[in-house]
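Written out below as structure tokens is the structure these notes cover.
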């Protein structure tokens, strides 16, 4: 299996201070919807300018084919298929281009590799050989072979072409990469930047610095893979041993200090060309910020704001193509973020692991995805930009109470944490186990059995001894005491790496659940912090109270908030969105007429709690009981509880014509949809099921054996044994309306 190796071996050892955000940078005012619209308009503009013969008009005669190759690459990167009319008409011209000019040959390789690397393998290899032969004795490239001069613009395109060719399977000599590396490093200026040529009078500027930084990242991925080799007894020898690349650190530092989205720093003009180089630096490095600048958000805002009415940028084909390349390649949604939990190298003993895993995942989960690094001190909203937060190490960090609380809040907000003891180190395992006990004491860390969805979410994988911690129906923390990252890192350990990639894909798929990935530009907004005990509700307003019991009493932390907001929005009810928590033996239980009791694991109540609940219902109170995750164990325990506590009162399913189902008052929910887990097991089920207990002729207890809570929260994750969100909201609203009116 071919694996794309990440360049991070050079990036992280020296860049913690340069790249770690000191605070939340200001966000540019741009949305994913605006970016998609701008991309569509730009693509339409390129199509409109395509000539009848499939080519684009050439502005520069000495770059014959340059506009056609660049426009075709922009269309492909923007989502156009190779068999679309525009691309299909252009490809014969791209293939027919002679190998004469570095820019054009490099673009030709990138187009063919993007269109169909396998079918065009021979042509890609031939063009790559020409680029190799065009390399100068100084290790760099100029416009054509044989020139004594060189420049960093031609060099970046040559390396982009060779990089694409290598990924497509072409064999490139290590000598080529090493000589290019020496040339790029040799021409760096004292302040960390690069100029067009190595001329003392030329000052460094943005597009050339970004080009050279991208070159170093590409070269790092080709000639350096760390000192880690092999895998013996569950560990990789020399794991975590890397050499620091100070030229790369200097170049990224220059970008962090000088970054501007609306101009090419240090030089007038070529802004779109500059952004194209910036995008490569950001994507190859996995960094969201250069200094304090969110490079993609800032660049996208500038491009959306400056696009012309005709869909172009500056009316120029070349600038339009560069703008589209920036928007398209940088807009991939985030699937995984790697947590930088220390200011040294301990957080990152494997530098290629996530890049290789994401490369393996590709579009297997529905669309191409990306990853990035997130610093521990970044706002929680930034942590939640991706569904899966991944951390590894040889030892587990010593987090204080506030830091541990931040991790817990991330999980309570719907995130999933994957922690891995790199090389199976016991120091990490013991530290993580202690952290889990202290931070999630009420939720035990358990081994995930072979039947758990994490082993079957996408591939069928063999059990790997994964541990898990469930918050509600969802395993929100996955912990591996065995090494996966070194197998991702090297990517080529026979049989083991393939199995590890498959398992990593499953973990990511499980964390994603059935939710669509959020747009990369979406701003995560956290719900306002709600105290466990809210202030007394306003007069006549409805307020819910959640019952605290000895087992897993809050599998859906935001279910009641979701229900209250639905009642406000759809029925204009006066509802307090902040719910109370209450224990059944509290003396002021009578102030909570509407109780919500949910569970997941084993269930029972003490004698005092049983008596308090019965007394509360006899006095006119009401309780909605919600089963989280399937028939056992909560369902069986609760049914036994009812038979023991309610003195022979009938516990029976509500009839199909019950007012709750007919929506009298409320919504008609006599036909409902269930989530995929229920549908897979019970494909014939399309009607709601509720059970009830009447006390003194009044329906006082309603039990839902199929979860309402996950639908009320809006989550769609593997393991939720419940109704689809819209029907869960409507059915729960009907239950409350019935309780208030009967």
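Within region 596-633, can you find the residues that are touching a residue at least 60 places away in the same chain (Cβ under 8 Å) and closer than 17 Å to residue 471 by Cβ?
Selection gives 598, 600, 626, 627, 628, 629, 630.
Given the conditions (1) in contact with a strand residue (DSSP E or B) (Cβ under 7 Å, 6 or more places away or on another chain); (2) assigned to a loop (DSSP other than H, G, I, E, B); (3) within 15 Å of residue 624 (Cβ to Cβ), and given that residue 720 satisfies all but one, which numbered condition is not satisfied?
(3)
Please identify the pairs in which a residue from region 579-591 that is more than 17 Å from residue 542 (Cβ to Cβ) has its Cβ atom under 6 Å from the Cβ atom of a residue that is assigned to a strand (DSSP E or B), counting only partners at least 6 apart or on another chain.
Once the first residue is more than 17 Å from residue 542 (Cβ to Cβ) and sits in region 579-591, its partners that are assigned to a strand (DSSP E or B) give 583/548.
When region 401-425 is examined, which residues are found to be in a loop (DSSP other than H, G, I, E, B) and closer than 25 Å to residue 240 by Cβ?
425 - this is the single residue of region 401-425 that is in a loop (DSSP other than H, G, I, E, B) and closer than 25 Å to residue 240 by Cβ.
Are any of the residues in region 703-710 out of contact with any strand residue (DSSP E or B) (no Cβ under 8 Å at 6 or more places or on another chain) and modelled with pLDDT of 85 or more?
no
What's the number of the condition residue 573 fails, among (1) over 18 Å from residue 736 (Cα atoms); (2) modelled with pLDDT of 85 or more; (3) part of a loop (DSSP other than H, G, I, E, B)?
Against the list (1) over 18 Å from residue 736 (Cα atoms); (2) modelled with pLDDT of 85 or more; (3) part of a loop (DSSP other than H, G, I, E, B), residue 573 comes up short only on (1).
What number goes with the only condition from (1) within 26 Å of residue 722 (Cβ to Cβ); (2) not in a strand (DSSP E or B) that residue 585 does not pass?
(1)
Quick grid of which residues meet (1) within 30 Å of residue 602 (Cβ to Cβ); (2) touching a helix residue (DSSP H, G or I) at 6+ places or on another chain (Cβ under 8 Å):
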| position | (1), (2) |
| --- | --- |
| 462 | yes, yes |
| 471 | yes, yes |
| 479 | yes, yes |
| 487 | no, yes |
| 495 | no, no |
| 517 | no, no |
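What do you reckon, is residue 626 surrounded by 15 or more Cβ atoms within 10 Å (Cβ to Cβ) and touching a strand residue (DSSP E or B) at 6+ places or on another chain (Cβ under 6 Å)?
Criteria met by residue 626.
Tally up the residues in region 76-108 that are within 37 Å of the chain's Cα centre (by Cα) and in contact (Cβ under 8 Å) with a residue 40 or more places away in the chain, please.
Of the residues in that region, 12 qualify.
From the set of residues in region 392-408 that are in contact with a helix residue (DSSP H, G or I) (Cβ under 6 Å, 6 or more places away or on another chain) and within 15 Å of residue 471 (Cβ to Cβ), which is modelled with the highest pLDDT?
Taking the candidates together, the pick is 404.
Which numbered condition in (1) in a loop (DSSP other than H, G, I, E, B); (2) under 23 Å from residue 387 (Cβ atoms) is the only one that residue 685 fails?
Failing condition for residue 685: (2).
Tell me the residue from 138, 93 that is surrounded by fewer than 19 Cβ atoms within 10 Å (Cβ to Cβ), in the same structural domain as residue 313 (by TED's automatic domain parsing), at pLDDT 95 or above and in contact with a helix residue (DSSP H, G or I) (Cβ under 6 Å, 6 or more places away or on another chain), please.
93
Given 121, 117, which one is surrounded by fewer than 24 Cβ atoms within 10 Å (Cβ to Cβ), over 17 Å from residue 219 (Cβ atoms) and either in contact (Cβ under 8 Å) with a residue 60 or more places away in the chain or under 29 Å from the mean Cα position of the chain (by Cα) (or both)?
Of the residues listed, the single one that is surrounded by fewer than 24 Cβ atoms within 10 Å (Cβ to Cβ), over 17 Å from residue 219 (Cβ atoms) and either in contact (Cβ under 8 Å) with a residue 60 or more places away in the chain or under 29 Å from the mean Cα position of the chain (by Cα) (or both) is 117.
Just a yes or no: is a residue in region 181-194 surrounded by fewer than 23 Cβ atoms within 10 Å (Cβ to Cβ), over 24 Å from residue 254 (Cα atoms) and touching a residue at least 24 places away in the same chain (Cβ under 8 Å)?
The answer is no, given that none of the residues of region 181-194 is surrounded by fewer than 23 Cβ atoms within 10 Å (Cβ to Cβ), over 24 Å from residue 254 (Cα atoms) and touching a residue at least 24 places away in the same chain (Cβ under 8 Å).
Any idea which residue in region 330-365 is farthest from residue 282 (Cα to Cα), counting only those that are free of Cβ contacts under 8 Å to residues at least 24 places away in the same chain and in a loop (DSSP other than H, G, I, E, B)?
363
Take region 547-561 and flag every residue that is surrounded by fewer than 23 Cβ atoms within 10 Å (Cβ to Cβ), modelled with pLDDT of 80 or more and farther than 14 Å from residue 609 by Cβ.
Result: 561, single match.
Looking at 661, 641, 667, can you tell me which residue is more than 21 Å from residue 552 (Cα to Cα), at pLDDT 90 or above and not in a loop (DSSP other than H, G, I, E, B)?
661
The values are calculated or read from the model by the stated rules, or taken from the named source; none is laboratory data. Since this is a predicted model, take the numbers as computed values, not measurements. Note: ideal-geometry Cβ built from the backbone for every residue, glycine included; neighbour counts use all protein chains shown.
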